[in-house]
1. Hey, what angle do you get for helix A:34-76 against the long axis of chain A, alpha-carbon based, 0 to 90 degrees rounded to 10?
2. Residue farthest toward the positive end of the dipole of the protein assembly as shown, with Cβ of Lys/Arg at +1 and Asp/Glu at -1: which of A:Leu52, A:Leu360, A:Leu285?
3. Restricting to DSSP loop positions (anything but H, G, I, E, B) with no more than 12 other Cβ atoms inside 10 Å of their own Cβ, which GluC sites (Glu not before Pro) remain in region B:17-123?
4. Have a look at B:Phe46, B:Gln22, A:Leu97 and report the one farthest towards the positive end of the charge dipole of the protein assembly as shown, computed about the Cα centre with Cβ charges (Lys/Arg +1, Asp/Glu -1).
5. Cα centroids of region A:8-57 and region A:231-285: how far apart, whole angstrom?
6. So which chymotrypsin sites (Phe, Trp or Tyr not before Pro) in region B:1-41 are both in a DSSP loop and have at most 16 other Cβ atoms within 10 Å of their Cβ?
7. So which of A:Lys233/B:Lys71; A:Lys166/A:Lys362; A:Lys247/B:Lys71 end up more than 22 Å apart, counting from Cα to Cα?
8. For region B:2-137, what does the equivalent ellipsoid look like in terms of its semi-axes, each the square root of 5 times an eigenvalue of the Cα gyration tensor, given largest first in whole Å?
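Here, each number is a calculation from the coordinates, and none is a lab measurement. Quick caveat, the model's predicted, so the values are computed rather than measured. Here the Cβ positions follow ideal geometry from the backbone for every residue, glycine too, while neighbour counts run over all protein chains shown.
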Amino acid sequence: MRVEVSYKFIIGFIIVVGSTVLVNLMTPHLGVTPEWQQLFSTGVALFVGLLLGWVFSKAFTANFRVLNEGAGRLSQGDLSKDVVLPQPLLPDETQDLAASLNQVTGNLRELVGIIRNSSAKVAESAQGLSATSQEMTASSHEVANTVEAISRGAETQAEMVERGSKLIRDMALSIEQVAHSASKVAEAANNTVNSAKNGGEQARATMDRLRRFMGETEKNGEQILSFGTQVQKIGKIVDVITGIAQKTNLLALNATIEAARAGEYGRGFAVVAEEISKLADSTSLSAGEITTLIETIRDQSQQVQASMKENSRELEAGRAAIDTTGLAFEEIIQSALGAQAKATGIAEASTQQTAGAGALVKAIDEISRVITDNAAATEEVSAATEEQSAAMEEMAHAAQDLSALAEQLLATVSRFRLASDGRS
Amino acid sequence: MEQVLVFDLGEERYGLEVGHIQEVADSPVLHYIPQSPGFFLGAINFHGQILPVLDLCNFLEFPAGPHDPRKIVLAVEGCALALAATAVHRIVPLAAEALLPFQGSPGRESFIRAVFHHQGRMINLLDLPRLLRRLEAA
């Protein structure tokens with residue numbers, strides 16, 4: 001039967017009071033003197049009281065000692081034993097307390113067990129997390145490095161693209177220059193063709209004039225030849241005359257001789273012969289003069305003929321030169337036309353090349369854009385990676401903290417000794 | 001007044017009296033005489049008569065030169081001869097007073113009888129007899 005402690009105290013008190021009263025009541029019956037009655041009663045009361053008190057307190061103290069021990073054990077962390085109170089006659093709150101304490105112990109035991117398991121698991125997880133986060137940090141460092149490399153590569157790309165772009169711009173410029181020069185060449189070739197055509201026409205006109213002139217010169221030459229022939233005839237006649245004069249002279253000579261031999265009779269004859277001789281002399285003289293003139297004419301005519309031949313040769317050479325000039329002009333025209341065609345071809349090719357260069361520029365611009373996008377994306381990736389890295393670091397720290405915490409927890413609960421523990 | 005036929009022998013001008021001359025032949029055909037002395041130029045046919053031609057230049061030891069085709073046919077008694085000169089000129093009158101004596105070089109036989117002036121030149125008159133004598137002797 002459960003009796004609460006307060007009741008027990010009250011009962012005890014009542015017993016004491018009752019015993020006192022009893023004693024008081026009894027004492028006159030016992031024959032004790034009235035002076036000693038009070039003392040006696042007090043003494044009995046005290047005695048009873050002390051006795052009861054001792055009985056109570058013994059049990060009480062014993063219980064409380066056990067409870068204290070139990071609580072002490074609990075405070076030490078020894079959860080292995082339950083508090084066992086000796087079986088009382090009258091259970092009271094102390095039993096309740098013991099039961100509660102045991103409950104507490106049991107709960108604590110459970111809790112600690114759970115905590116131990118959990119914290120062990122947490123520690124494990126924290127380790128795993130730490131390791132994973134380290135791996136992740138490492139790999140995110142790798143990613144960061146790769147991204148850095150990509151970024152550098154993108155820089156190089158951008159540089160190359162810039163260079164390429166510049167080269168293409170220069171190329172486009174030089175193509176333009178080439179086209180310009182080609183058009184100039186075509187123009188010049190055109191001019192050359194025109195000039196050569198003019199020159200060719202001039203050459204032809206000169207040739208015609210020359211031919212006419214040579215025709216006339218031939219006619220002159222023929223005339224001079226005929227002159228020469230006439231002069232030769234004159235010469236022959238003069239020779240005849242000279243011969244006659246010589247013969248006449250001889251005749252006169254012989255006549256003089258005969259006349260001398262004839263002596264007196266031949267004197268008149270001698271005079272006549274003398275006259276004839278003189279005439280013959282005069283004739284000879286004149287004939288001589290004519291011959292001289294003829295010689296002069298012949299010389300002059302020969303000179304003229306020679307100079308005409310020279311002229312003719314020069315004219316021929318001139319004609320040949322003009323022919324050559326005409327041919328040369330033809331050749332010039334041909335090569336100028338060829339140059340024109342080539343220049344046109346170059347101009348066309350340049351236009352194509354310019355178009356091609358334009359396309360190239362567009363392509364390079366595209367590439368440049370892609371590279372810029374890539375660079376931006378890389379930057380983002382880099383930033384994200386950094387964030388990730390930071391988060392990883394934090395996570396690692398958190399994991400470490402968690403681990404530490406778990407260890408702390410473990411350390412804290414290691415104080416508690418469960419019944420399952422082999423060591424204290 | 002003599003008449004003298006003037007002719008050249010080389011550079012020298014010579015003369016011969018017309019009296020010694022028959023005729024001046026007009027370039028007769030000259031036939032070569034084989035094995036004849038050097039002073040004979042050849043032979044000519046003069047009116048059917050064969051006349052030897054004396055090369056005066058050669059005979060008088062002048063340097064050789066061209067000959068006038070006209071040959072001087074001599075009219076000397078018993079002498080059929082023609083003379084060849086470098087050039088035959090004309091007949092000039094000669095006054096006897098104009099004749100000048102000629103001194104030949106000693107040790108050398110000259111066939112020059114005398115000299116006279118005519119138109120600024122010295123003309124040596126040929127000594128024909130002496131020449132002919134000399135010729136016969138050779």
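1. Approximately 20 degrees, to the nearest 10.
2. Positive-end residue among those listed: A:Leu52.
3. Answer by residue number: B:Glu61, B:Glu77, B:Glu109.
4. A:Leu97
5. Value for the Cα centre distance between the two parts: 240 Å.
6. Of the chymotrypsin sites (Phe, Trp or Tyr not before Pro), the ones in loops of region B:1-41 whose Cβ has at most 16 other Cβ atoms within 10 Å are B:Tyr32.
7. A:Lys233/B:Lys71
8. They are 24, 17, 14 Å, listed from largest to smallest.
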